[in-house]
Amino acid sequence: MCARWPLRHARAMPLIEVSGLRKEYEGRPVVDGVSFCVEEGEIFGVLGPNGAGKTTTVECVEGLRTPDAGRVRVAGLDPVADHDDVAQLLGAQLQESRLQPKITVREALRMYSAFYRQPADWRALAAKLGLQDRLDVRFGTLSGGQKQRLFIALALVGSPRAVVLDELTTGLDPRARRTVWELVEDIRDSGVTVLLVTHLMEEAQRLCDRVAVIDGGRLAALGTPAELISQKADPTVIAFTPSQPLPEGELSALPGARSVRTQGPRVTLHGTDETVDALLTTLARRRITAGQLRVKDASLDDAFLDLTGNESAAPRPAHAHQENLT
Amino acid sequence: MTTAHLSGTAAPPHGAKPAGPSALLSVLRTEFRLFLREPGALFWVVVFPPALLTILGCIPSFREASADLGGRRTVDLYVPVAVLLSMIVSGVQTMPSILTGYRERGILRRLRATPARPHHLLTAQIVLHGCASAASVLLVLAIGRLAFDVSLPGQLAGYLVAAALTAGAALSLGAVLSAIARTTKIAQTVGTLAFFPMMFTAGVWLPVQAMPDTLRHLVEFTPFGAASQALDQAATGSWPGWTHLGVTALWTAVFVWTAVRRFRWE
């Protein structure tokens, strides 16, 4: 069963299907009834706070763990029972995995390409990932970004239909992270489906066609990043510096306004498009000018905070001094 | 294909060739190259046992026939000891630290996500360490024969059987150690602690044949004490005693059973 599966996709068989997945460690459920489908050709994000069960979920997809209950299928195959066939069509980059310290890039690529029935040309792959000058360098001396690019190459060397990328950019500097993001988009553009595990909202918003938000082992939301943001009650953020102080009560009474925050002279207002209209009318009526006026959509980050951490014990990131008005 | 495709060349239809044997060969070839990059392991497994035999053989009194040893020379007894030494170092010291390191670093886990299996890596390591021991054994026998006039094994078939069983015992004990030690540090510590009693029972300080009767009978029930006796018997020209072969085989079976039951991939 694919929760909230858009009708237009109903006829195509999903490439990856997870349904009612449940996994316990020592009697404690880590994944508790997660369901989603990944369609061929998309970048599908699995988001959630640390310890939410993201990695366990994708490890069940990779066949590294056996589910306690539920159904996992990759191209119609069971990742545990049909391990060899699933491994042929699903590439993987695992969280916190390393290689032999003295193995060279060339040796790793050549060894991994021998595992697959139809390996890609590893030299071409290395060139596309900018590793062509690093072929004789040992794994232990590669930089963090080069290691991750090698792991992407190893995930792709079997010409897979889908790849699982788990916390791919954790620990990379911003420049290396952007390079890796472009590579992930290239993977999708070459027709390979991507299942991306991340806790970085910026990464998910930039890359993912659809995301599943997992919190406390359960599915908290499923949809495109834009859908998740618009599901928020206050999808618009308005910030400005009024030329004269405004009574706060008046701002919070604006239609659609959800929260008002003042930091010195600067006012930040969360609300809807309606709030923007009403605010401009109010300011004009009072002959107050709004300096440095900025109106922007809420980010996936904001939506994520709304969706997660409400009932679970997971620590909720600090939310500034925000006053919730409703 | 017009897009900038990262997936490489266009794929031929599925099922073209099986992944099994080529995967194992590829792992074996890569692990062989990596093994050659570990000078420490190579030294202790391949160089040290022949070097020890050479040093002991250079002591004049060790080359004189001794009535206590039934008219044999000390250097004659140290050939099987050097053979055992190379097998114990390779199986119990070198291999477990490599395998636990592979588990710690997630290398075994990463292989589980490919059509290759992590046991390919295990097999490759066992084969490589077995071959390194074999090279060391050949060096020891050659040095013994050429430099110190120690006769080659009189009962060659019996010697091969005893040597294969001994190598099996050492490698399977190493596999047990790799299975139960959670970290490389633990594996190295336990390996070093276990090394001294094993070397004692193998006869490094006092050849088993020269031990007092009671001690010798006890030592003959340990895996390497029995192996030492079996190797020595085959070296002197008789078929090794079935008790010694049986004891070594039984220990090997226990080690293999324990390692298979307890081994964890992550």
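The values are calculated or read from the model by the stated rules, or taken from the named source; none is laboratory data. Fair warning: this is a prediction, and the values are worked out from it, not measured in the lab. Note that each Cβ is placed from the backbone with ideal geometry, even for glycine, and that neighbours are counted across all protein chains shown. All accessible areas refer to the heavy atoms of the entire protein, side chains included, with ligands and DNA or RNA removed. Shrake-Rupley method; radii C 1.70, N 1.55, O 1.52, S 1.80 Å.
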### Message
Can you tell me which residue is nearest to the other protein chains (Cβ to nearest Cβ) among those in the stretch B:77-110 that are under 20 Å from residue B:50 (Cβ atoms) and over 13 Å from the mean Cα position of the chain (by Cα)?
### Response
B:81
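Which one is nearest to the other protein chains (Cβ to nearest Cβ) among residues in the stretch A:149-166 that are open to solvent by less than 20 Å² (accessible area, probe 1.4 Å) and assigned to a helix (DSSP H, G or I)?
Applying the filter and picking the extreme gives A:156.
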### Task
Give the residues of the stretch A:50-74 that are small (Gly, Ala, Ser) and within 11 Å of another protein chain (Cβ to nearest Cβ), sorted by residue number.
A:63
### Query
Would it be correct to say that residue A:99 is within 7 Å of another protein chain (Cβ to nearest Cβ), touching a helix residue (DSSP H, G or I) at 6+ places or on another chain (Cβ under 6 Å) and in contact (Cβ under 8 Å) with a residue 40 or more places away in the chain?
yes
### Task
Among the candidates B:79, B:89, single out the residue that is among the aliphatic types (A, V, I, L, M) and under 22 Å from residue B:250 (Cα atoms).
B:89
## Note on the structure
Residue pairs within 7 Å by beta carbon, gap of at least six or interchain, first lying in the stretch B:168-186 and modelled with pLDDT under 95, second among the basic types (Lys, Arg) and in a helix (DSSP H, G or I), listed first then second, are B:179/B:262; B:180/B:262
### Summary
For helices (runs of 4 or more DSSP H) lying entirely in the stretch B:187-266, having 3 or more residues that are among the hydroxyl-bearing types (Ser, Thr, Tyr) picks out B:242-262
### Query
Can you name the residue in the stretch A:224-236 that is surrounded by fewer than 18 Cβ atoms within 10 Å (Cβ to Cβ) and not in a helix (DSSP H, G or I) and, of all such residues, is nearest to the other protein chains (Cβ to nearest Cβ)?
A:224
#### Entry: Top-ranked residue of the stretch A:111-141 - restricted to ones that are open to solvent by 20 Å² or more (accessible area, probe 1.4 Å) and within 7 Å of chain B (Cβ to nearest Cβ), ranked as nearest to residue A:199 (Cα to Cα)
A:128
### Task
Check residue A:247 against each of (1) more than 30 Å from residue A:14 (Cβ to Cβ); (2) touching a residue at least 12 places away in the same chain (Cβ under 8 Å) and name the one condition it does not meet.
(2)
### Query
Pick from the stretch B:139-149 the residues that are of a type in the set (Gly, Ala, Ser) and closer than 27 Å to residue B:165 by Cβ: which of them is most open to solvent (accessible area, probe 1.4 Å)?
B:142
### So residue B:181, is it small (Gly, Ala, Ser) and within 21 Å of residue B:77 (Cα to Cα)
no
### Query
In the stretch A:167-179, is there at least one residue being more than 25 Å from residue B:30 (Cβ to Cβ), in contact with a helix residue (DSSP H, G or I) (Cβ under 7 Å, 6 or more places away or on another chain) and buried (at least 20 other Cβ atoms within 10 Å of the Cβ)?
yes
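If I go through the stretch B:184-196 residue by residue, how many of them are hydroxyl-bearing (Ser, Thr, Tyr) and open to solvent by 40 Å² or more (accessible area, probe 1.4 Å)?
Of the residues in that region, 2 qualify.
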#### Entry: Residue list for the stretch B:17-34, restricted to those being over 15 Å from residue A:158 (Cα atoms) and either among the hydrophobic types (A, V, I, L, M, F, W, C) or at pLDDT 90 or above (or both)
B:24, B:25, B:27, B:28, B:29, B:30, B:31, B:32, B:33, B:34
### Task
Please work out which residue is most open to solvent (accessible area, probe 1.4 Å), limiting yourself to the stretch A:26-54 and to residues that are without any contact (Cβ under 8 Å) to a residue 12 or more places away in the chain and of a type in the set (D, E, K, R).
A:26
### Task
Select from the stretch A:70-110 the residues that are of a type in the set (Lys, Arg), within 25 Å of residue A:22 (Cβ to Cβ) and either buried (at least 18 other Cβ atoms within 10 Å of the Cβ) or in contact with a Phe, Trp or Tyr (Cβ under 9 Å, 6 or more places away or on another chain) (or both) and list them in ascending order.
A:73
## Note on the structure
The one condition residue B:152 fails out of (1) in a helix (DSSP H, G or I); (2) within 23 Å of residue B:82 (Cβ to Cβ); (3) open to solvent by 30 Å² or more (accessible area, probe 1.4 Å) is (1)
### Task
Inspect the stretch A:238-253 for any residue being within 30 Å of residue A:47 (Cα to Cα) and surrounded by 15 or more Cβ atoms within 10 Å (Cβ to Cβ) and give the result as yes or no.
yes
### Task
Hey, can you tell me all the residues within the stretch B:121-138 that are open to solvent by less than 10 Å² (accessible area, probe 1.4 Å) and within 14 Å of chain A (Cβ to nearest Cβ)?
B:121, B:124, B:125
### Message
Out of B:203, B:237, B:246, I need the residue that is open to solvent by 30 Å² or more (accessible area, probe 1.4 Å), small (Gly, Ala, Ser) and at pLDDT below 90. Which one?
### Response
B:237
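Inside the stretch A:186-206, can you point out the residues that are assigned to a helix (DSSP H, G or I) and either touching a residue at least 24 places away in the same chain (Cβ under 8 Å) or crowded, with 23+ Cβ neighbours inside 10 Å (or both)?
Kept after step one, since they are assigned to a helix (DSSP H, G or I), are these residues of the stretch A:186-206: A:186-189, A:201-206.
Hits for the stretch A:186-206 are A:186, A:187, A:188, A:201, A:202, A:203, A:204, A:205, A:206.
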### Summary
Selection from the stretch A:263-295 of residues under 14 Å from residue A:242 (Cα atoms), open to solvent by 70 Å² or more (accessible area, probe 1.4 Å) and assigned to a strand (DSSP E or B) yields A:263, A:292, A:294
